[in-house]
1. Here's a check for you: in the stretch 57-75, which residue that is outside any strand (DSSP E or B) and touching a Phe, Trp or Tyr at 6+ places or on another chain (Cβ under 6 Å) is most open to solvent (accessible area, probe 1.4 Å)?
2. Could you grab me the full set of residues in the stretch 40-53 that are more than 21 Å from ARG213 (Cβ to Cβ) and within 11 Å of the chain's Cα centre (by Cα)?
3. Looking at SER82, is it loosely packed, with under 15 Cβ neighbours inside 10 Å, within 24 Å of THR162 (Cα to Cα) and under 16 Å from the mean Cα position of the chain (by Cα)?
4. Filter the stretch 195-227 down to the residues that are within 16 Å of ligand 2 (Cβ to nearest atom) and open to solvent by 60 Å² or more (accessible area, probe 1.4 Å), then identify the one that is modelled with the lowest pLDDT.
5. Which of (1) under 14 Å from the mean Cα position of the chain (by Cα); (2) at positive phi is the odd one out, the single condition ASP220 does not satisfy?
6. Quick one: how many residues across the stretch 40-73 are under 16 Å from LYS26 (Cβ atoms), more than 8 Å from ligand 1 (Cβ to nearest atom) and of a type in the set (Lys, Arg)?
7. Give me the pairs: first residue in the stretch 40-55 and in a loop (DSSP other than H, G, I, E, B), second residue near ligand 2 (Cβ under 9 Å from one of its atoms) and modelled with pLDDT of 95 or more, beta-carbon distance under 8 Å, and six or more apart or on different chains, which are they?
8. Condition first: without any contact (Cβ under 8 Å) to a residue 12 or more places away in the chain, part of a helix (DSSP H, G or I) and more than 16 Å from ligand 2 (Cβ to nearest atom). Can you find one or more residues in the stretch 151-171 that meet it?
Amino acid sequence: MEIPAIKFDNVWKIYRMGAVEVPALKGLSIEIRRGEHVAVMGPSGSGKSTFLHLAGALDKPTKGRILIEGRDPNKLSDGELSMLRNKYIGFVFQTFNLIPRLTALQNVMLPLILRGVDGVERVKRAKEALERVGLGHRINHRPTEMSGGEQQRVAMARAIVTDPKIILADEPTGNLDSASAAEIVNLLTTLNRDLGITLVVVTHNPEAAAPARRIVRIRDGVVYEGN
Ligand SMILES: Nc1ncnc2c1ncn2[C@@H]1O[C@H](COP(=O)(O)OP(=O)(O)OP(=O)(O)O)[C@@H](O)[C@H]1O
Ligand SMILES: [Mg+2]
């Protein structure tokens, strides 16, 4: 039987804030197959980002079982968890999360430094990733010297430079004008189609969700449609 890219089995995530418990996921189950393109939609506060964090091994569930490419984050140490992230996952965020004082090339090389890839190889792969997102001519620009759409493309180059199996994008078009948003959506869709990368996009934007083959709707910490 094929191993799913992401599997959640009755997953709870309860944030503790002092004496108060905030349940963000309340028994969420989902299976995302390898190579799928899924859009995740739902009201603000319904648990979408929490879901994405757990799916990307940025955090562990309070209860229930998660498998990411067949591995259970609850059985891994923090070090093993960051290895799992570095090896399998690329993240794209609404606010790009680039390091301001570094150039595009240096930002994209960062995950390779974590991996111990040597200098020459690092530059080569980072340049290739930037070319793939159409930014071969901007490699020495810093984030402040680029448009929002360009910054998001740098973030995408950073996400793909490690050849991840899964890309998790949280509102990737949320800070972009509609033309730049359309470019980012096309680029993500192409990465899924051409490279077979499993793609999960959280979005409020119906146009960003439209190319997905499956739309999963989350409400109040559970999937209520799309399973
Ligand atoms: N670190 C945290 N500590 C405490 N509560 C949190 C934390 N992160 C999220 N929450 C709470 O968990 C619930 C789900 O939050 P989450 O960020 O997953 O929602 P969302 O669906 O991504 O919303 P949005 O569309 O506004 O981004 C919310 O009630 C939120 O206040
Ligand atoms: Mg969110």
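1. Our first condition is that a residue be outside any strand (DSSP E or B); within the stretch 57-75, this holds for 57-62, 69-70, 72-75.
With the extra rule that they be touching a Phe, Trp or Tyr at 6+ places or on another chain (Cβ under 6 Å), the set shrinks to 62, 69.
Working: THR62: 58, GLU69: 7 Å².
Among residues in the stretch 57-75 that are outside any strand (DSSP E or B) and touching a Phe, Trp or Tyr at 6+ places or on another chain (Cβ under 6 Å), the one most open to solvent (accessible area, probe 1.4 Å) is THR62.
2. Quick first cut of the stretch 40-53, residues more than 21 Å from ARG213 (Cβ to Cβ) only: 43-47, 49-50, 53.
Of everything in the stretch 40-53, those that are more than 21 Å from ARG213 (Cβ to Cβ) and within 11 Å of the chain's Cα centre (by Cα) turn out to be SER49, HIS53.
3. Working: loosely packed, with under 15 Cβ neighbours inside 10 Å: yes; within 24 Å of THR162 (Cα to Cα): yes; under 16 Å from the mean Cα position of the chain (by Cα): yes.
The answer is yes for SER82.
4. HIS204
5. Answer for ASP220: the failing condition is (1).
6. Within the stretch 40-73, residues that are under 16 Å from LYS26 (Cβ atoms), more than 8 Å from ligand 1 (Cβ to nearest atom) and of a type in the set (Lys, Arg) number 2.
7. GLY42/LYS48
8. no
The values are calculated or read from the model by the stated rules, or taken from the named source; none is laboratory data. All figures in this text were calculated on a predicted structure; none of them were measured in a lab. Heads up, the Cβs are rebuilt from the backbone with ideal geometry, glycines too, and the neighbour counts pull from every protein chain shown. Side chains included, ligands, DNA and RNA excluded: accessible areas come from the protein's heavy atoms. Shrake-Rupley method; radii C 1.70, N 1.55, O 1.52, S 1.80 Å.
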